[in-house]
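Q: Okay, here's the structure, questions in a sec.
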Amino acid sequence: MAGIYIHIPFCKQACSYCDFYFLTRGELKQPFVDALIEEIRHYGNHPISDETIDTIYIGGGTPSLLTPKQLKSIFTALETVFTVKPVEVTLEMNPDDVTEEFLLKIQDLGVDRASMGVQSFDEKLLQFMHRAHDPIEAVDALKLLQKANFPSYTADLIYGNPGQTMEMLGKDIDRLLTFDPPHISAYSLTIEPKTRLGKQVELGRIDPVDDDVVADQFDFLYQKLSSAGVEQYEVSNFAKPGKEAVHNSNYWRHKNYLGLGPSAHSLYWPDADNAQRWKNRSNLKSYLEQDWDGVREDEESLSLSEMAEERLMLGLRTKWGVSKKQLAERYGYTINNKQEEWLKKQQEQGQFTSVDDAIILSKTGLRIADYLIFELISRRL
Amino acid sequence: MTQIRNFCIIAHIDHGKSTLADRLLERTGTITEREMQEQVLDDMDLERERGITIKSHAIRMKYKRPSGEEVIFNLIDTPGHVDFAYEVSRALKACEGALLIVDAAQGIEAQTISNLYQAIEQDLEIIPVLNKIDLPGADVEGVGQQIVDMIGCEHSDILHVSGKTGDGVEELLEEIVEKVPAPKQEVDKPLKALIFDSIFNTYRGSIAYVRVMQGTLKKGDNILFMASDKEYDAEEIGYLELKKKPCEVLKAGDVGYVIGSVKSLQDARVGDTITHQKDGADEPIPGYKESKPMVFSGIFPTESEDFEDLRSALEKLQLNDASLSYQPETSKALGFGFRAGFLGLLHMEIVQERLDREFNIDIITTVPNVQYEVETDFKGEKKRVQVENPSEMPDAGMVETVWEPYIKASIITPADYIGPVMKLCQNRRGIYLNQIFMQGNRVDITYELPMAEVVFDFYDKLKSGTRGYASLDYEFIEYRKGDLVRLDILLNGDPVDALSSITHRDNAYEHGRKVCAKLKELIPQQQYEVAIQAAIGSRVIARDTIRALRKDVTAKCYGGDVSRKRKLIEKQKEGKKRMKQVGTVEIPQEAFLAVLSMDDND
């Protein structure tokens, strides 16, 4: 089983916080779709095509900027080249693109999970983020989603924005909860250096929000969503029982995935000591030349111990944690005495809920997960 | 017998010593233009970068006079920094004459004066040279008058030279022959060869640079190093041309090198005398001193497994640098390392940089300090001890009296900067002695200062306060009583020995506050709150708190984020190696360094 991720590198405008690869000019959409179909065909010769594809995730960029026809040609290509038996097909979309008709058409193509980039319902915050939609469009889009009756859908929120008070966050959450969404992704704002926001912070025009404030918002968010029955299953992901994202969760479990389109990453791990990661260049122009080996870069071959550390780094972010048995069997990685001792101590202090069969971080532990994961890993150095 | 002239150059940094020396090498055909690397004599990377001479060098030239007569020149290049006064004195001892080179645009500097007086004391013939006369700012009259005032010569005795254009170099060469006395060529007396420098070579051992003062040294002779009382054979001797040129005999008056598989680093020390084992000299050449370190600092390997490497690196450095001393030290915070003694701050920096560059060892150094004398009274039992490590300072309750070394500092600065210079000296507990106005709107200001106040970034402050114009020279005068206290730094109640310092009571509060603030900035947030305290004895005088880490987690971690995140962890692992655990707190090594570079204005 493997997943496929497709990166659609087009947006109407640049959001101030976003450092994904995209272009704001759309004239190359069709050439891109043509090239993408060629890339899909190219991977028909790769051993990953022997695996059944169970999840497809179309992200970006803004996939909803493609026409249903263009999307259809992509799905057709996928089905021609791969054995596709999907349990989840997600498509990201922005509120300003969504129409009833669009939703119906993508459902026809097999999309069974919509991911809506809401981010906030606050007009000022949306402007600050330089989003293309306003609060009314966000509400309308969610209404349409509800009506379309997807088996599951998710909405994105961003918190920890400069100027965002706890009250403002509360309003955003309450507003979203009125739609009773099966899944919510809530990200604390990350200031990336090569973004408009990053530049402004660098110039001192905007002060990043204090970590303590973000920590409080993190706790608040968890409380509110949890009492609405939407449970945290990963640092930034919340779902009603059974509605957890399959494709994304598979990243954290080291399932294979093939990334298509510019800037997309892939993992192919066929046997014990031969895990490969690579990515496509973040450059549409070179992508359109369709030299598929030339498009690949940053190819890495990872050892089992590197993969084990990755597994901890990824798995401990989730409510399932990492099972020691699996670490030993799949990764040949046994938690040593120093680590065990440290884990016990941390558990007593409430950072882990379980350290025996599976290592699982507590809610408070999750808030400093990067720190704890590194401390755990480094106790082996 | 061939004529010989042995001379050195006295000059301030930047006054064009090396360029002029290069010109001499060129004119005497010692080096062709093609071989010319800028500033041939400063061959250590560090020297070339800093534009200063750290070690003494020597080079032999054959000068053909216009008359056709051939004269051997031995130019001995001397270090140009106050830390190396002893090395300078040994290099001067090896010469009969000195070129006093003064930048015609800048005038005489403090260091030049002190070296000049040493040369006059040793009866060297001084040839005054005004350099850089081609510069538009050259003040030939005024600076010439400074020289006249200083050495009591006539204006007409001063040579006008440009190392850059080569003007006046011919006259200078002739002047050297005419004025510098020929060495006494007492070849039949018992051998006395003065070591004015020694360098270490991995394959050949210590190579001594010598001036034969009397007698004759032949290849293969059995030799004795008089001060270290070690015996070796002179396996190879030779002249110091651009490369070493072996020869059979070095006679009185010659300058050359001696190689004798001198393995032990301490055996061929600067200032020692080489003689023959049989029928040797009765007395060594006077003036040999065991160099006395003035500044001390802890040196610890960043990674504890590098301890042995650090030890062997220090051993090797000591071969080249007999003035470096060290002994093992154990710090609770930093583990096993060494407490090293240096001639001064520059010397300390040089050693630290060489450990890094030549031996590739990552080290942590602690705040430099001087040596104190402390009288303790423990239940009526009085004792006087020397303290060269702040953490060895007895507890406040036991200390009766502390003495600290004082220096007399001479600072020459353009008169415009008298204010900043005096302010700096006052801030450093200086005692004003006098100021003498010199020709050319310059002032020689004299202060007595506690040496401890000078070892800590005084020179940098002096330079920045005077736009680089001031020059400093100093000499140790005596130990004086001072109201000094040990300031400890505690992290969550655990003292960090490597951060302890000895400071004047009046400055303790301010210093403690700054260290706490700096540490707060440098120590990363940890899982628990960290209290930083500065204390004298049990009394806390300053504190700061590093809040507990409350949020540290990446928001997004999907397929495209994994590699980046893993690389971040790899980087963190590198950083972790540089962390030192003190009690419950992890301190990055930068914290130990940053306390060094703490600014007064922070």
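Q: For region B:511-561: of the residues being open to solvent by 40 Å² or more (accessible area, probe 1.4 Å), of a type in the set (D, E, K, R) and facing chain A (nearest Cβ under 8 Å), which is farthest from A:Glu192 (Cα to Cα)?
A: B:Arg547
Q: Would region A:323-341 turn up any residue that is closer than 30 Å to A:Leu28 by Cα, outside any loop (DSSP other than H, G, I, E, B) and under 25 Å from the mean Cα position of the chain (by Cα)? Spell out how you get there, then give the answer.
A: Taking region A:323-341 and keeping what is closer than 30 Å to A:Leu28 by Cα, we get none.
Checking region A:323-341: not a single residue is closer than 30 Å to A:Leu28 by Cα, outside any loop (DSSP other than H, G, I, E, B) and under 25 Å from the mean Cα position of the chain (by Cα).
Q: Does region B:320-330 contain at least one residue that is of a type outside the set (D, E, K, R), farther than 29 Å from B:Thr273 by Cβ and not in a helix (DSSP H, G or I)?
A: Looking only at region B:320-330, we keep the residues that are of a type outside the set (D, E, K, R), and these are B:320, B:322-328, B:330.
Adding the requirement that they be farther than 29 Å from B:Thr273 by Cβ leaves B:328, B:330.
Subsequent filtering for residues that are not in a helix (DSSP H, G or I) retains B:328, B:330.
Scanning region B:320-330 turns up at least one residue that is of a type outside the set (D, E, K, R), farther than 29 Å from B:Thr273 by Cβ and not in a helix (DSSP H, G or I).
Q: Can you confirm whether B:Glu121 is acidic (Asp, Glu) and at pLDDT 90 or above?
A: No, not satisfied.
Q: Between A:Glu244, A:Glu231, which is charged (D, E, K, R), touching a His at 6+ places or on another chain (Cβ under 8 Å) and more than 12 Å from chain B (Cβ to nearest Cβ)?
A: Numbers: A:Glu231 fails: touching a His at 6+ places or on another chain (Cβ under 8 Å).
It is A:Glu244.
Q: A further question on this structure: Do we have any residue at all in region A:78-89 that's among the aromatic types (Phe, Trp, Tyr), in a helix (DSSP H, G or I) and at pLDDT 95 or above? Outline the logic, then answer.
A: Taking region A:78-89 and keeping what is among the aromatic types (Phe, Trp, Tyr), we get A:82.
Restricting the remaining residues to those that are in a helix (DSSP H, G or I) gives none.
Checked region A:78-89: no residue is among the aromatic types (Phe, Trp, Tyr), in a helix (DSSP H, G or I) and at pLDDT 95 or above.
Q: Working only within region A:346-355, note down all residues that are touching a residue at least 24 places away in the same chain (Cβ under 8 Å) and either at the interface with chain B (Cβ under 10 Å from one of its Cβ atoms) or closer than 21 Å to B:Lys565 by Cβ (or both).
A: If the condition is that a residue be touching a residue at least 24 places away in the same chain (Cβ under 8 Å) and either at the interface with chain B (Cβ under 10 Å from one of its Cβ atoms) or closer than 21 Å to B:Lys565 by Cβ (or both), then A:Gln346 is the only one that fits.
Q: If you don't mind, another one. Taking only pairs six or more apart or across chains, which ones have beta-carbon atoms under 7 Å, a first residue in region B:353-365 that is closer than 11 Å to B:Thr302 by Cα, and a second residue that is polar (S, T, N, Q) and not in a loop (DSSP other than H, G, I, E, B)?
A: Pairs found: B:Ile363/B:Gln352; B:Ile364/B:Gln589; B:Thr365/B:Ser297; B:Thr365/B:Gln352.
Q: Quick one: is A:Asp34 among the charged types (D, E, K, R) and part of a helix (DSSP H, G or I)?
A: On the way: among the charged types (D, E, K, R): yes; part of a helix (DSSP H, G or I): yes.
Yes: the conditions hold for A:Asp34.
Q: Residue under question is B:Ala98, and the condition is that it be in contact with a Cys (Cβ under 9 Å, 6 or more places away or on another chain) and of a type outside the set (Phe, Trp, Tyr); does it hold? Steps first, please.
A: Numbers: in contact with a Cys (Cβ under 9 Å, 6 or more places away or on another chain): yes; of a type outside the set (Phe, Trp, Tyr): yes.
Yes.
Q: In region B:259-285, how many residues are modelled with pLDDT of 90 or more and either open to solvent by 50 Å² or more (accessible area, probe 1.4 Å) or polar (S, T, N, Q) (or both)?
A: The qualifying residues number 8.
Q: Answer with yes or no whether A:Tyr257 is more than 10 Å from chain B (Cβ to nearest Cβ), aromatic (Phe, Trp, Tyr) and buried (at least 17 other Cβ atoms within 10 Å of the Cβ). Reasoning before the result, please.
A: Details: more than 10 Å from chain B (Cβ to nearest Cβ): no; aromatic (Phe, Trp, Tyr): yes; buried (at least 17 other Cβ atoms within 10 Å of the Cβ): yes.
The answer is no for A:Tyr257.
Q: Return yes when A:Leu267 is within 11 Å of chain B (Cβ to nearest Cβ), farther than 16 Å from A:Arg41 by Cα and touching a strand residue (DSSP E or B) at 6+ places or on another chain (Cβ under 6 Å) and no when it is not. Before the answer, list the steps.
A: Values: within 11 Å of chain B (Cβ to nearest Cβ): yes; farther than 16 Å from A:Arg41 by Cα: yes; touching a strand residue (DSSP E or B) at 6+ places or on another chain (Cβ under 6 Å): yes.
In short, yes.
Q: How many residues are among the aromatic types (Phe, Trp, Tyr) and crowded, with 16+ Cβ neighbours inside 10 Å when one looks only at region B:151-204? Show your work before the answer.
A: At the first step, the residues of region B:151-204 found to be among the aromatic types (Phe, Trp, Tyr) are B:196, B:200, B:203.
With the extra rule that they be crowded, with 16+ Cβ neighbours inside 10 Å, the set shrinks to B:196, B:200.
Final tally of qualifying residues: 2.
Q: Taking region A:356-378 only, how many residues are open to solvent by less than 30 Å² (accessible area, probe 1.4 Å), away from every other protein chain (no Cβ under 11 Å) and over 26 Å from A:Ala272 (Cβ atoms)?
A: Total satisfying the criteria: 1.
Q: Could you tell me which numbered condition A:Leu284 fails, if it satisfies all but one of (1) farther than 24 Å from A:Phe352 by Cβ; (2) more than 9 Å from chain B (Cβ to nearest Cβ); (3) in contact with a His (Cβ under 9 Å, 6 or more places away or on another chain)?
A: Tallying (1) farther than 24 Å from A:Phe352 by Cβ; (2) more than 9 Å from chain B (Cβ to nearest Cβ); (3) in contact with a His (Cβ under 9 Å, 6 or more places away or on another chain), A:Leu284 fails exactly one: (3).
Q: I would also like to ask the following. Only residues in region B:320-346 that are touching a residue at least 24 places away in the same chain (Cβ under 8 Å) count as the first member; pair them with residues that are of a type in the set (S, T, N, Q) and part of a loop (DSSP other than H, G, I, E, B), Cβ under 6 angstrom, at least 6 apart or cross-chain, and list the lot.
A: Every condition considered, the pairs that remain are B:Ser323/B:Ser291; B:Arg339/B:Asn389; B:Leu343/B:Ser323.
Q: Can you find, within region B:492-510, the residue that is surrounded by the most Cβ atoms within 10 Å (Cβ to Cβ) among those that are in contact with a helix residue (DSSP H, G or I) (Cβ under 8 Å, 6 or more places away or on another chain), touching a residue at least 60 places away in the same chain (Cβ under 8 Å) and of a type outside the set (Gly, Ala, Ser)? Working first, answer last.
A: Within region B:492-510, the subset in contact with a helix residue (DSSP H, G or I) (Cβ under 8 Å, 6 or more places away or on another chain) is B:497-503.
Pick out the ones that are also touching a residue at least 60 places away in the same chain (Cβ under 8 Å) and you get B:497-502.
Then drop every residue that is not of a type outside the set (Gly, Ala, Ser), which leaves B:497, B:499, B:502.
Values: B:Asp497: 21, B:Leu499: 27, B:Ile502: 24.
Looking at residues that are in contact with a helix residue (DSSP H, G or I) (Cβ under 8 Å, 6 or more places away or on another chain), touching a residue at least 60 places away in the same chain (Cβ under 8 Å) and of a type outside the set (Gly, Ala, Ser), I get B:Leu499.
Q: Only one of these conditions is not met by A:Leu381: (1) within 13 Å of chain B (Cβ to nearest Cβ); (2) of a type in the set (A, V, I, L, M); (3) open to solvent by less than 60 Å² (accessible area, probe 1.4 Å). Which number is it?
A: In the conditions (1) within 13 Å of chain B (Cβ to nearest Cβ); (2) of a type in the set (A, V, I, L, M); (3) open to solvent by less than 60 Å² (accessible area, probe 1.4 Å), A:Leu381 misses (3) alone.
Q: Condition (residue is of a type in the set (A, V, I, L, M), more than 21 Å from the chain's Cα centre (by Cα) and surrounded by fewer than 22 Cβ atoms within 10 Å (Cβ to Cβ)) applied to region B:83-104: is it met by at least one residue?
A: So far as region B:83-104 goes, no, none of its residues is of a type in the set (A, V, I, L, M), more than 21 Å from the chain's Cα centre (by Cα) and surrounded by fewer than 22 Cβ atoms within 10 Å (Cβ to Cβ).
Q: I'm trying to understand the selection: among the residues of region A:342-354, which are within 29 Å of the chain's Cα centre (by Cα) and either modelled with pLDDT under 95 or assigned to a helix (DSSP H, G or I) (or both)? Break it down into steps so the answer makes sense when it comes.
A: Restricting attention to region A:342-354, the residues satisfying the condition of being within 29 Å of the chain's Cα centre (by Cα) are A:343, A:346-347, A:350-354.
Passing the criteria: A:Leu343, A:Gln346, A:Gln347.
The values are calculated or read from the model by the stated rules, or taken from the named source; none is laboratory data. Treat the numbers as computed from the prediction; the structure is a model and nothing was measured. Because the Cβ atoms are built from the backbone with ideal geometry, glycine has one as well, and the counts that use them run over all protein chains shown. Surface areas here come from the heavy atoms of the whole protein model, side chains and all, with no ligands, DNA or RNA. Shrake-Rupley method; radii C 1.70, N 1.55, O 1.52, S 1.80 Å.
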